[in-house]
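Inspection log for the structure reproduced underneath, given as C-alpha cells.
The values are calculated or read from the model by the stated rules, or taken from the named source; none is laboratory data. Just so we're clear, the structure is a prediction, and the values are computed from it rather than from any experiment. Don't worry about glycine lacking a Cβ; one is built from the backbone with ideal geometry, like all the others, and counts go over all protein chains shown. Keep in mind that these areas ignore ligands, DNA and RNA; they rest on the heavy atoms of the full protein, side chains included. Shrake-Rupley method; radii C 1.70, N 1.55, O 1.52, S 1.80 Å.
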Amino acid sequence: MKRILKSLLVFVTLASIFGFYSHRNTYAEEADPMFSLTVAKSSVNVGDTVEVKATQLRELTADSENFTLVVPTGMKLDQTALKQNGQAASFQSHQESDKLILTVTGQTAKSFTIPLVAETAGTFSMSVLSADQLVTSNVVQTTAIAAPVESSSSSASDTQTDSTSSSAISESSSTASSNAEQTESSSSADVVSESSSSETSAESSSSSAEKKESAASSESKKTISGRSLTTASIALDQSNNIVQLSYLYYYNQSTGQPISGSIKDSDKEAIKVTYKVVKQSGNGPEAPNSNVEQSFGTINTSGGGKSDKFSYMIPAKNLPTYSSSIVGSVYRLVVTFTDPAKNIRNANFRIVYIAGELTLTAPSNISFGTDLDAAATGKKVYMPKAVTGNALAVKDTRTIPSGVIMNGWSVTATLSKQMTSTTSGGVLTNSLHYINDGTDYTLGTAAAPVKSLAKAEPNTTTNISGAWDSKNGLAFEPTAGQPVAGESYAGAVTWTLQDTPGN
C-alpha cells in the first residue's frame with residue numbers, strides 16, 4: 001500500500017527591486033520579521049569571509065528563542081570567529097548538518113555577525129528561519145568569484161534591475177496541509193504563490209566595458225615602465241560591447257542607477273572612480289551638477305592581474321527627477337577610472353527615461369497532482385498539472401524610443417530553503433528542480449535559467465508557466481526513501497526577473 005504525500009505548497013511573495021544592488025525586501029512568510037540581514041560585500045573571492053550581519057527588528061516573545069540560518073552549499077561556517085562573535089554579542093549557536101541554530105535572548109546584542117567562508121564559486125542566498133521554519137528575515141545574496149574575469153574591451157556579464165519572488169514550500173505526506181489560501185484534503189501536491197508586489201523597474205543591463213585611453217596613456221607607459229591603468233582590464237556589467245553604446249533604462253520607480261563590474265590590474269594601486277551626467281536630448285531638464293565630475297570612490301586593486309569586483313550606485317538625487325515630461329529624454333553618462341599616474345579609462349553610457357514597466361507575476365497555486373507516493377522507489381519526477389491564479393509571466397509595458405537598443409530580459413530560479421520537515425526537521429535534500437528545455441537544474445544557490453529573451457518585446461506578456469510541459473517547468477523530485485508519511489515539509493524558492501542586454 002503506497003503512502004501518499006498529500007500536498008506540496010509553495011508560497012510566493014513578489015518584491016520589487018529597483019537597482020542591481022538595492023535592498024531585497026523579501027520577507028517571505030512573516031508580516032513582522034525578526035531580523036534584517038545585510039552583507040558587507042555583494043561579491044567576494046573564493047576563500048574570503050562573508051560576514052552576514054543580523055539586526056533584530058522586534059522584541060522576543062519569550063526569554064529565549066531559537067532561529068535557523070541555513071548554510072548554503074558551497075559555504076562553511078568560520079567556527080572560531082563565530083564563537084568569538086557569540087561571546088561578544090551574547091548569543092549561543094550550534095550546527096546541525098547545514099543548519100546553524102541560533103539561541104537569542106534578551107541579553108543578545110541587537111546586531112551581531114555570522115561569519116561564513118566561501119568555498120566554491122556561485123551566488124549564495126541566505127535568510128533566517130523561525131522555530132517553525134518560516135522565513136523571518138529578508139533574503140541576502142553574495143557572489144563568490146573563483147577566478148579573474150577575463151574581460152577587456154568586449155567581455156559580457158549581466159546587470160539588471162530585478163524582481164524577485166521568494167517561495168516558501170510546504171509538503172505533508174499523510175495528513176492534509178492547510179494555509180490561508182486553501183486546505184488540501186486529497187493526495188495532491190500544490191505550489192501556492194501569494195503575490196504581494198510585482199513591480200519591477202528594469203534599470204540597466206548589459207555587459208563588458210567600452211574603454212578609451214587618454215592621449216597621455218602611451219606617454220605614461222614610457223615613464224613608469226608599464227605600471228599604468230592602460231595595462232588593466234576593466235569590465236562593467238552595464239556595458240554591451242565596444243562597438244555600440246550601452247543604453248541604461250530609467251523608470252518611474254527607479255531609486256538610482258547602479259554601476260558594477262571588475263578590474264584586473266597588474267599593479268597594486270588605488271584607482272579613483274568618478275562619473276558625470278550631461279543632457280543629450282529630449283524635453284527633460286539639465287542633470288543636477290551637469291557635466292560636473294562626481295566621485296564614486298576608490299578601488300584598491302590587488303595587483304598581479306587578480307580581478308577586483310566593485311559596485312556603486314548613482315543616487316536618484318543626482319539624476320533628473322522622473323516625470324511624464326521627461327520620458328524619452330537621453331542623458332550621457334561617463335564613468336572614468338584614473339590611476340595614480342593620471343592614466344584614465346572611460347566607459348560611456350546613455351541613460352534613457354522610459355515609460356512603462358517590466359513586471360513579474362507568479363501563480364497562486366501550482367498543483368503537482370494526486371499521485372505522490374512517499375514509498376516510491378527509483379527516480380520520480382512530478383511536473384505541474386494545474387496552475388491557478390496569476391501565471392508565472394513577464395509583462396512588458398515599456399515604450400522604447402526609436403534608435404535605443406532593445407535590452408532583453410531573463411527569469412531565473414534559486415532555492416532559498418531546502419524542503420524541511422516542520423515537525424522532525426528532516427530535509428528533502430535537492431528535491432525541487434527546474435527543467436528548462438529538457439535540461440534538469442537542481443535548485444540551489446546558483447541561478448537556474450527559467451526563460452530569457454535576447455531582445456525584449458514591448459507591449460507583450462510572456463506566459464512562462466502556460467508553456468510548462470514534460471520538458472519545461474518547476475519539478476518535484478524527491479529522493480527515494482527521504483519523504484516520511486505524515487510529516488509536513490517547508491522550503492523557499494526565489495524567482496528573479498532581470499533586465500539584461502541583448503548580446
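Please report the relative contact order for the stretch 237-319, taking Cα pairs under 8 Å with a sequence separation of at least 6, and give it as a percent rounded to a whole number.
Numbers: 135 pairs, mean separation 32.5, N = 83.
Reported relative contact order: 39 percent.
Residue 43's amide H: which non-local residues (gap 5+, or another chain) put their own amide H closer than 5 Å, with H modeled 1.01 Å from N in plane and none for Pro or chain starts?
Residues meeting the amide H criterion: 143.
Given H placed on each backbone N at 1.01 Å, which residues far from residue 408 in sequence or on other chains put an amide H within less than 5 Å of it?
It is 456, 500, 502, by chain and number.
Using a 10 Å cut-off on Cβ atoms, rank the peptides 255-267, 402-414 from the highest mean neighbour count down. Don't jump to the answer; show the numbers that get you there.
Values: 255-267: 22.7, 402-414: 19.6.
The most tightly packed comes first, giving 255-267, 402-414.
Expressed as a whole percentage, what fraction of the accessible surface of the stretch 241-306 belongs to carbon and sulfur atoms when a 1.4 Å probe is rolled over the protein heavy atoms? Don't skip to the answer; put the middle values down first.
Details: 1290 of 2940 Å².
In the stretch 241-306, the share of accessible area belonging to carbon and sulfur is 44 percent.
Could you run the Karplus curve 6.51 cos²θ - 1.76 cosθ + 1.60 with θ = phi - 60° over the stretch 425-439 and give me ³J(HN,Hα) per residue in whole Hz, x for Gly and Pro?
x, x, 10, 8, 4, 6, 8, 9, 10, 10, 9, 10, 6, x, 8
List, in order, the whole-Hz ³J(HN,Hα) value for each residue of the stretch 256-267 obtained from phi through the Karplus relation with A = 6.51, B = -1.76, C = 1.60 and θ = phi - 60°; use x for Gly and Pro.
Result, rounded to whole Hz: x, 10, x, 9, 9, x, 8, 10, 10, 10, 6, 10.
Please compute the modelled spin-label separation between residue 270 and residue 103, points set 7 Å along Cα→Cβ, answer in nm with one decimal.
Result: 4.7 nm between the two label points.
Ignoring ligands, DNA and RNA, what percent of the accessible area of the stretch 418-463 is carbon or sulfur (1.4 Å)?
Working: 980 of 2140 Å².
Roughly 46 percent, rounded to a whole number.
Give the accessible surface of the stretch 338-497 per residue, rounded to a whole number of Å², with probe radius 1.4 Å and ligands, DNA and RNA excluded. Let's see the in-between values first.
Numbers: 5870 Å² over 160 residues.
Accessible area per residue, the stretch 338-497: 37 Å².
Please give the peptides 98-106, 117-125, 288-296 ranked by average Cβ packing (other Cβ atoms within 10 Å per residue), highest first, as a rough proxy for protection. Could you put the intermediate results ahead of the total?
Working: 98-106: 16.8, 117-125: 19.1, 288-296: 12.8.
Final packing ranking: 117-125, 98-106, 288-296.
For a quick check: with amide H placed at 1.01 Å from N, whose amide H comes under 5 Å from residue 246's, ignoring anything fewer than 5 positions away on the same chain?
Sorted by chain and number, the residues that satisfy this are 240, 350.
How much of residue 313 can a 1.4 Å solvent probe reach, expressed as accessible area in Å² and rounded to 10?
For residue 313, the solvent-accessible surface is approximately 70 Å².
Need one number: nm distance between label points at residue 294 and residue 440, each 7 Å from Cα along Cα→Cβ, rounded to one decimal.
Spacing of the two 7 Å Cα→Cβ label points: 5.1 nm.
Give a residue-ordered list of calculated ³J(HN,Hα) values for the stretch 119-131 (Karplus: 6.51 cos²θ - 1.76 cosθ + 1.60, θ = phi - 60°; whole Hz; x for Gly, Pro).
So the Karplus estimates, Gly and Pro as x, are 9, 9, 6, x, 9, 10, 10, 9, 8, 9, 10, 7, 4 Hz.
When the chain is fully extended, how far beyond the present Cα-Cα distance does residue 381 get from residue 480, taking 0.36 nm per residue of separation?
Details: separation 99, 0.36 × 99 = 35.64 nm, distance 1.11 nm.
So the extension gain works out to 34.5 nm.
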